[in-house]
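Let me begin by presenting the structure, written as structure tokens, before commenting on it.
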Amino acid sequence: MGLMNWEWRGRFDIGRSDEGLGGRSTPRGMAALLASVAAVALLAPPASAQQAAQSPKAEEAKAAPPGATLLDKILVLSRTGETAIESLASASHIDQEQLDRRMATTPNEMLLGVPGIAAQADARRVGTSINIRGLQDFGRVAVIVDGARQNFQRSDHGTQSTVYIDPELVKSVDVIRGPVANTYGSGAIGGVVFFDTKDAEDFLKPNETWAGSVTGRYESNGKGWTTSASGAYRFNENWDALGNIVYRNYDDYKDGDGDAVKGTGFDVLSGLLKTTIRPTDNSALKLGWVGSSDGWNEISGGAPVNDVDLKSNTFTARYNVTDEDKSWLDLHINTSYNKTNLDLTSLVPLKRFDPVTGLSVVLPTGSTSTFDVGTTSIDIWNTSRFETAGVAHELTYGGDWAGDNVKTDGTAGGDSFYTPSGKRNVSGAYVQDKLTWDWLEVIAGLRYDNYSLKDDTHQTSGDRVSPRVTVGVSPFESAGLAGVQFYGTYAEGYRSPSLTETLISGNHPAGVSFPFLPNPNLRPETGKTTEFGVNYKQNDILEAGDAVRIKAAYFNNNVDDYIDGVTLSPFDPTSGCPFGPGIPICFQYQNFAKAKINGFEMEGVYDASWGYAGLSASIINGHTISYEGDQADLATIPSSQVTAQLGLRFLEDKLTVGGEVQYNGKPKGNAVAKNYTLVNAFASYQATDNLKVDFRADNLFDVKYANPLNGSTTVAVYEPGITLKLAATMRFGG
């Protein structure tokens, strides 16, 4: 479950200007990456030099702090060094062991069983739109890779805002639900998902100078292969580097009835390069690059109509300096640049409508549409720790800025016309004080947000101050209840309209022609969340060394001025939809009075020498309310879920076997959604120090089911039927 596995280390990260991956067929980017990995993996000294001594300080950095529980890991995105169970918020952590067990092929598979989280991928499995508590798209959920915001967006049916990250490159995932995460950037009224990629210090053993590994994996459904190679090198105790390359190739998968789901096949080449430099005992600098080159076909009417080629490159720079002798200094500076380029090339002639005239046109084979989104960001914060009158303070203050530059182009009548080009800047500054006294903990903070967006003809801007107040109490002292903590929170968040919501225009390209109307007068959304929760942690309950961790919360989120698409009638003179021939309706993004979302979440785990048992659940309800008082079900509400997990350890922990059972209850208002239950099984065997074998069976009973977020309200996109996965990893080093 998401509360497990303690680990302590300083976190830092920073970018580099390497050339990103090229196209699928090339090989320049691939060759360069392979060469880099090979150099890191093979540039090793002979055996006589393998026992490079580690300094005492380097060894101490690997050890646990005195009294630390070996079942709680500090959240990478925590600004005050908290674990998930210590956080007075709905936070979850997924560690490397859990990711290995899930054998994820796509990003959404990494999030299995995390309460309040769902993913929309449609048939395009390599890209995922993440949903937190019924909110998704257009920045409502801040998706971050190594400190870099992932803001790619393409207007289309289905997924809008998507992230492209290969699970093989990820070592952990942190999740914070709700606008309490507003110190992590503007707009995150739904929450934050932080993907932290692998580091050399995680890969190298303490006495190793170099190491490498090779993984091969086969999947039965889609008949696909994954191959991965990693290499790491420790130049000295203050400098190390890691490289990782992954290639996946999958055909269309089959659903639970054995029918092929067209358009679900893909091939992807991904890579990672990261180096860590420690200038002093108290500081570290990380330079990193993560990239991918993906390809798949888009389907219409059961046949391929577009070839899709996507290239994504993220460059990150993360620096941290912490001095225990200077309690006022815990400084972080993160900078990043992310560029995503998506190219559509038509495989057949396409009947479309001219976006300006609305007249019927035919796009010839080979017509193109391009979507280029670049995001530059900087995030600086510091935490000062001190005491006043017996009260401990952790005062965090900082600021951040992110700029999106969107450029779209292509054949007239192509898809790119409906994702507007333009620029958007969002920035903010905040201060937050965490006060701790005996059984009482109080967090109070303010965040100021500012935004501006523009294209050639429109410009709009706005700003706001958002508060947060949290009170936590630990009222019990008895042995059995000492680990109980109750908390209550009120927090607000502020999301500016996106370029698409504000500036989309032209005529619908296919099927039926109708106008899209821009709305430069859109008001930003304001999320106002009230949350009540309980944390519970206890060790040595039934046997020495065992532990239990439980988090549960009820939340109520009122999103004022919620933005959603509406259809307008040309027969209503007040709608703004022009009346004329060939205009059956108009489409426009408009503000609603609010969206009301409430629900319950919990996750818990018991861990002992024999294994572990976990349970998580989430129930979410939501609807919109118009300014006239009309209510409608919110289309982005995911299934309610209950997930149970059990793992058993044998052979001195070398063998772990277990399974998962997940019940999904259909959300209200979805005409095609149904209840369904999935059963998965897994096994992992560390045969030797250098050989590991993993097995997994997903959807063991071959259930035919659909994620209610995928497809539309009338057509379901069915998920994979039974899928068997078998992998072997060979490691070497010295």
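The values are calculated or read from the model by the stated rules, or taken from the named source; none is laboratory data. Remember, it's a predicted structure, so these values are computed and weren't measured experimentally. Cβ: placed from backbone, ideal geometry, glycine included. Neighbour counts: every protein chain shown.
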Out of the residues in segment 296-328 that are more than 30 Å from Gly366 (Cβ to Cβ) and modelled with pLDDT of 95 or more, state the one that is nearest to the chain's Cα centre (by Cα). Thr314
Examine segment 642-664 for a residue that is touching a residue at least 40 places away in the same chain (Cβ under 8 Å), of a type in the set (A, V, I, L, M), out of contact with any Cys (no Cβ under 6 Å at 6 or more places or on another chain) and closer than 30 Å to Gly190 by Cβ, and state whether such a residue exists. no
Residue hits (segment 553-575; within 16 Å of Ile132 (Cα to Cα) and assigned to a strand (DSSP E or B)) are Ala553, Tyr554, Phe555, Asn556, Asn557, Asn558, Val559
Can you tell me which residue among Ser452, Ser478, Ser513 is assigned to a loop (DSSP other than H, G, I, E, B), touching a Ser or Thr at 6+ places or on another chain (Cβ under 9 Å) and either touching a residue at least 12 places away in the same chain (Cβ under 8 Å) or over 23 Å from Ile585 (Cβ atoms) (or both)? Ser513
Any residue at all in segment 76-92 that's of a type outside the set (Ser, Thr, Tyr), closer than 14 Å to Val193 by Cα and at pLDDT below 90? yes
Criterion (touching an Asp or Glu at 6+ places or on another chain (Cβ under 9 Å) and surrounded by fewer than 24 Cβ atoms within 10 Å (Cβ to Cβ)) met by exactly one of Ser155, Ser220: Ser155
Any residue in segment 707-721 that is closer than 30 Å to Ala211 by Cα, surrounded by fewer than 17 Cβ atoms within 10 Å (Cβ to Cβ) and of a type outside the set (Ser, Thr, Tyr)? no
Within segment 170-186, can you find the residues that are of a type in the set (A, V, I, L, M, F, W, C) and surrounded by fewer than 24 Cβ atoms within 10 Å (Cβ to Cβ)? Val170
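What are the residues in segment 266-282 that are of a type in the set (Ser, Thr, Tyr) and touching a Leu at 6+ places or on another chain (Cβ under 9 Å), if any?
Ser270, Thr275, Thr276
Within segment 388-410, count every residue that is free of Cβ contacts under 8 Å to residues at least 60 places away in the same chain, within 26 Å of Thr80 (Cα to Cα) and either of a type in the set (S, T, N, Q) or surrounded by 19 or more Cβ atoms within 10 Å (Cβ to Cβ) (or both). Talk me through it step by step, then tell me what you get.
Restricting attention to segment 388-410, the residues satisfying the condition of being free of Cβ contacts under 8 Å to residues at least 60 places away in the same chain are 388-393, 395, 397, 399, 401, 403, 405, 407-409.
Subsequent filtering for residues that are within 26 Å of Thr80 (Cα to Cα) retains 388-393, 395, 397, 399, 401.
Checking the rest, the ones that are also either of a type in the set (S, T, N, Q) or surrounded by 19 or more Cβ atoms within 10 Å (Cβ to Cβ) (or both) come to 388.
Selection size over segment 388-410: 1.
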Failed criterion for Gln98 (all others in (1) under 29 Å from Pro467 (Cα atoms); (2) in contact (Cβ under 8 Å) with a residue 12 or more places away in the chain hold): (1)
I'd like the full set of residues that are surrounded by 15 or more Cβ atoms within 10 Å (Cβ to Cβ) and over 17 Å from Trp401 (Cα atoms), limited to segment 441-469. Glu441, Val442, Ile443, Gly445, Asp455, His458, Thr460, Arg468
Can you give me the number of residues within segment 615-647 that are over 22 Å from the mean Cα position of the chain (by Cα), among the hydroxyl-bearing types (Ser, Thr, Tyr) and assigned to a loop (DSSP other than H, G, I, E, B)? 2
Filtering segment 470-481 down to residues that are touching a Phe, Trp or Tyr at 6+ places or on another chain (Cβ under 8 Å) and surrounded by 13 or more Cβ atoms within 10 Å (Cβ to Cβ) yields Thr470, Val471, Gly472, Val473, Ser474
Where residues in segment 663-682 are in a loop (DSSP other than H, G, I, E, B) and of a type in the set (S, T, N, Q), which of them is nearest to Leu646 (Cα to Cα)? Asn675
Look through segment 490-510, keep the residues that are in a strand (DSSP E or B) and modelled with pLDDT of 90 or more, and return whichever of them is surrounded by the most Cβ atoms within 10 Å (Cβ to Cβ). Gly493
Within the bounds of segment 249-267, is there any residue that is within 30 Å of Ala402 (Cα to Cα) and assigned to a strand (DSSP E or B)? no
Number of positions in segment 708-731 that are modelled with pLDDT under 95 and not in a loop (DSSP other than H, G, I, E, B): 1
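Just checking: which of the strands (runs of 3 or more DSSP E) contained wholly in segment 334-431 hold 1 or more residues that are at pLDDT 95 or above and not small (Gly, Ala, Ser)?
Strands (runs of 3 or more DSSP E) meeting the threshold: 368-388, 391-410.
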Please indicate, with yes or no, whether at least one residue in segment 120-133 is on the phi < 0 side of the Ramachandran plot, modelled with pLDDT of 90 or more and either in a helix (DSSP H, G or I) or among the β-branched types (Val, Ile, Thr) (or both). yes
Would you confirm, using the coordinates I've provided, whether Thr80 is in contact with a strand residue (DSSP E or B) (Cβ under 7 Å, 6 or more places away or on another chain), among the β-branched types (Val, Ile, Thr) and surrounded by fewer than 20 Cβ atoms within 10 Å (Cβ to Cβ)? yes
Just one listed residue, out of Lys668, Lys654, Lys692, is at pLDDT 95 or above, loosely packed, with under 15 Cβ neighbours inside 10 Å and charged (D, E, K, R), and it is Lys654
Identify the residue in segment 538-589 that is under 30 Å from Ala510 (Cβ atoms) and of a type in the set (Gly, Ala, Ser) and, among all such residues, is surrounded by the most Cβ atoms within 10 Å (Cβ to Cβ). Ser575
